[in-house]
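Take a look at the structure below.
The values are calculated or read from the model by the stated rules, or taken from the named source; none is laboratory data. Since the model is a prediction, treat every value here as computed from it, not as a measurement. Glycine also receives a Cβ, built like all others from the backbone with ideal geometry; neighbour counts cover every protein chain displayed. In case anyone asks, the SASA skips ligands and DNA or RNA and just uses the protein heavy atoms, side chains included. Shrake-Rupley method; radii C 1.70, N 1.55, O 1.52, S 1.80 Å.
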Amino acid sequence: KLHSDLDKGVGTVKYTLSGDGAGTVFTIDETTGDIHAIRSLDREEKPFYTLRAQAVDVDTKKPLEPESEFIIKVQDINDNEPKFLDGPYVASVPEMSPVGAYVLQVKATDADDPTYGNSARVVYSILQGQPYFSIDPKTGVIRTALPNMDREVKEQYQVLIQAKDMGGQLGGLAGTTTVNITLTDVNDNPPRFPKSIFHLKVPETSHVGSAIGRIRAVDPDFGKNAEIEYNIVPGDGGNLFDITTDEYTQEGVIKLKKPLDFETKKAYTFKVEASNLHLDHRFHSVGPFKDTATVKINVLDMDEPPVFSKPMYTMEVYEDTPVGTIIGAVTAQDLDAGSSSVRYFMDWKNDVDSYFTIDATEGTIATNELLDRESTAQYNFSIIASKVSNPLLTSKVNVIINVLDVNEFPPEISVPYETSVCENAKPGQVIQIITAADKDLSPAGQRFSFKLSSEASNKPNFTVHDYRNNTAGIETRRNGYSRRQQELYLLPIVIEDSSYPVQSSTNTLTIRVCRCDSDGTIQSCNVEAIFLPVGLSTGALIAILLCIVILLVIVVLYVALRRQKKKDTLMTSKEDIRDNVIHYDDEGGGEEDTQAFDIGALRNPKVIEDNKIRRDIKPDTLRFTRHRPPAEDNTDIRDFINQRLQENDVDPSAPPYDSLATYAYEGNGSVAESLSSIDSLTTEADQDYDYLSDWGPRFKILADMFGEESYNPDKVT
């Protein structure tokens with residue numbers, strides 16, 4: 001209620017209200033000043049309101065007093081129950097925990113005012129879950145209430161917790177939550193076999209390493225606390241079997257370590273121990289965490305293949321043994337109760353197996369072909385044995401046959417030696433170490449012996465020193481050797497082996513005499529070096545000089561013939577008139593070419609000057625005012641021309657063109673007639689040959705031949 005001192009109660013004062021909640025939560029009577037709440041208030045929503053009030057004049061609307069501020073506080077009542085904001089809860093505690101073991105702490109929240117009354121005072125209690133657990137009323141801590149709670153008996157617990165305000169008094173509000181508590185496992189239980197004896201039946205044909213049975217010990221624990229290790233207690237038959245743990249099922253898997261044989265032993269008995277891998281020392285007092293059971297294994301008889309007496313057979317035979325010779329035998333037996341007969345045969349894989357045969361009944365192995373150790377030293381094949389009663393049951397064994405060597409090859413020098421001896425060698429000097437090799441397979445301790453042949457032992461040049469270790473040394477027996485007297489020595493050496501029968505061979509060692517320095521270093525072993533020293537025999541010198549003279553004569557004759565041929569042959573000499581043709585540098589078109597080279601120019605050189613327009617027209621015979629009578633005898637010219645013609649005809653290097661024939665004496669039928677001036681005139685007028693001297697050095701010979709002779713037409717032929 002608001003009231004102003006200026007209010008006389010006559011209605012002249014008006015009260016106004018403003019601030020938080022004015023008009024919505026609170027209202028004021030303008031005449032009396034009474035303040036009323038127009039809706040429910042919630043302290044948890046808004047604990048107080050700040051308002052402002054003022055008194056004004058009704059007529060003038062002016063404030064009668066300054067505006068005043070006041071606070072309306074909402075008083076709390078217990079209208080909110082406690083709430084578990086984190087619920088429901090999940091917790092765990094190890095099994096077999098003692099009383100009072102901590103499990104979990106819960107907490108409830110009350111929205112009421114904790115400073116006013118007991119509305120927010122919460123007290124905890126267990127509505128469900130006793131007598132296993134307890135809770136602290138004030139703190140809400142949950143603890144175990146019973147000792148030795150066993151997970152194997154009950155694992156899950158659901159506890160209902162209540163939180164009540166007003167200190168738990170009557171009329172207080174309460175809230176609840178659920179706590180799910182799980183007992184975690186500890187290794188408090190040893191493994192136990194469900195039965196004391198396990199019976200297993202195993203076929204005798206079971207393979208080594210295969211699983212032949214399973215046994216299981218039960219452990220009520222969980223996880224790693226339930227992991228079990230199985231072991232075979234040493235005893236009867238325990239060495240034939242092994243046991244491992246299946247990590248998924250925790251079963252003991254019994255495996256076979258060695259093969260079983262019903263005919264040897266029909267049953268085995270041994271003990272198996274099961275124990276935990278992870279022990280808890282708190283429960284050692286409970287007892288040993290292991291258990292033992294007996295395993296009895298009965299071996300079942302099966303129809304088995306034959307069994308060979310050995311896992312592998314090794315035999316030996318000499319090479320060249322006659323065909324059909326028995327070299328050994330294999331044996332296989334049927335160990336079953338029925339004891340069936342056994343048949344043998346070879347496992348054919350390649351052609352090598354054809355060298356041997358086997359008796360199907362007795363199992364004896366014999367040669368089928370002649371053997372050669374140098375070709376094949378060892379044979380490896382398989383023999384198969386099968387039961388007559390059941391041919392499908394077979395077994396196989398490997399047979400190795402070593403071919404023994406028969407001493408049939410003599411020893412020989414292992415490598416070709418290039419042996420040399422110095423001219424200045426001293427007696428007893430070792431010039432070569434030799435070794436021997438034998439194609440036969442040398443047995444242990446075989447040795448080779450070396451000696452000179454009987455014909456060489458009497459010569460005082462070299463000797464052989466046997467070192468008794470399959471090597472020998474070649475030693476000198478003379479004081480110096482001369483290459484002039486003998487360049488090569490052939491030394492026959494006899495080498496024998498120690499096998500039976502003894503084989504020997506004669507090997508020739510070639511020894512070359514060389515020139516050496518004072519230290520024994522070889523300087524020259526060439527054949528040419530033999531003649532270098534002074535003091536050759538007279539016959540040798542004469543032979544050498546005679547050979548040199550013959551070679552010089554041949555060279556001189558060859559050079560002379562070559563020069564004579566170059567001088568006489570006009571085709572290849574500098575005076576060869578055919579050079580005029582070659583220098584035209586154009587190729588004729590044959591007989592049909594009317595513009596070809598005028599062959600008449602060779603008959604009369606003046607045609608070149610007088611008729612330069614048509615070279616293909618034969619020029620007329622020229623007359624000269626100055627004549628020289630022809631030579632009385634022109635046989636030398638004819639012989640000269642014939643000789644040159646014959647030389648060119650047989651010369652394979654002569655060029656194949658017609659101008660070669662222009663040097664010959666062609667007679668009257670030639671188109672070009674003769675190049676010679678002998679028959680070029682039909683009258684007795686003198687021919688002047690002085691112009692030949694003007695033609696140059698190539699016509700010097702013709703100028704010399706015709707320039708000094710008188711022309712005589714009566715002697716022209």
Practice task
Using a 1.4 Å probe over the heavy atoms of the protein chains, calculate the carbon and sulfur portion of the accessible area of the stretch 13-73 as a whole percent.
Solution key: 48 percent
Practice task
Note down the magnitude of the dipole of the stretch 197-300 about its Cα centre, charges +1 on Lys and Arg C-beta and -1 on Asp and Glu C-beta and zero elsewhere, to the nearest 20 debye.
Solution key: 300 debye
Practice task
Using a 1.4 angstrom probe on heavy atoms only, work out the carbon and sulfur share of the accessible area of the stretch 374-479 in %.
Solution key: 49 percent
Practice task
Round to the nearest 0.05 the FRET efficiency obtained for THR471 and GLU423 when R0 = 25 Å and r is the Cβ-Cβ distance.
Solution key: 0.40
Completion exercise
Contour minus Cα-Cα span, VAL556 to PHE70, at 0.36 nm per residue, comes to 159.0 nm
Practice task
Over the stretch 83-184, average the accessible area per residue using a 1.4 Å probe and give it in Å², no decimals.
Solution key: 53 Å²
Completion exercise
Rounded to the nearest 0.05, FRET efficiency between THR184 and ASN380 (Cβ-Cβ, R0 60 Å) equals 0.35
Exercise for the section: May I ask you to give the solvent-accessible area per residue for the stretch 412-524, in square angstrom, as obtained with a 1.4 angstrom probe? Expected result: 56 Å²
Fill in the blank from the handout: With all protein chains in place and a 1.4 Å probe, HIS199 shows an accessible area in Å² (nearest 10) of 130 Å²
Handout entry: Length-normalised contact order for the stretch 197-300 - Cα pairs under 8 Å, 6+ apart - percent
Key = 38 percent
Practice task
Ignoring everything but the protein chains, give the 1.4 Å probe accessible area of TYR132 in square angstrom, nearest 10.
Solution key: 80 Å²
Problem - Simple spin-label estimate for THR139 and ILE327 in nanometres, 7 Å along Cα-Cβ - result: 9.6 nm
Fill in the blank from the handout: Taking a crude spin-label model, label points 7 Å out from Cα along the C-beta direction, the ALA360 to SER125 distance in nm is 10.3 nm
Practice task
Subtract the Cα-Cα distance of ASN390 and SER196 from 0.36 nm times their separation in residues, and report this length gain in nm to one decimal.
Solution key: 65.7 nm
Problem - For the stretch 167-183, Karplus couplings with θ = phi - 60° (6.51, -1.76, 1.60), whole Hz, Gly/Pro x - result: x, x, 6, 5, x, x, 8, 9, x, 10, 8, 10, 10, 9, 10, 10, 8
Exercise for the section: Please give the contour-minus-distance gain from THR510 to THR16: 0.36 nm per residue of separation, less the Cα-Cα distance, rounded to one decimal in nm. Expected result: 162.7 nm
Practice task
Would you work out the relative contact order for the stretch 412-524, in percent, from Cα pairs under 8 angstrom that are 6 or more residues apart?
Solution key: 34 percent
Practice task
Mind checking the per residue accessible area of the stretch 1-74 for me, 1.4 Å probe, whole number of Å²?
Solution key: 65 Å²
Problem - Backbone HN-Hα couplings from phi across the stretch 77-84 [Karplus 6.51/-1.76/1.60, Hz, Gly and Pro as x] - result: 10, 7, 10, 10, 8, x, 10, 8
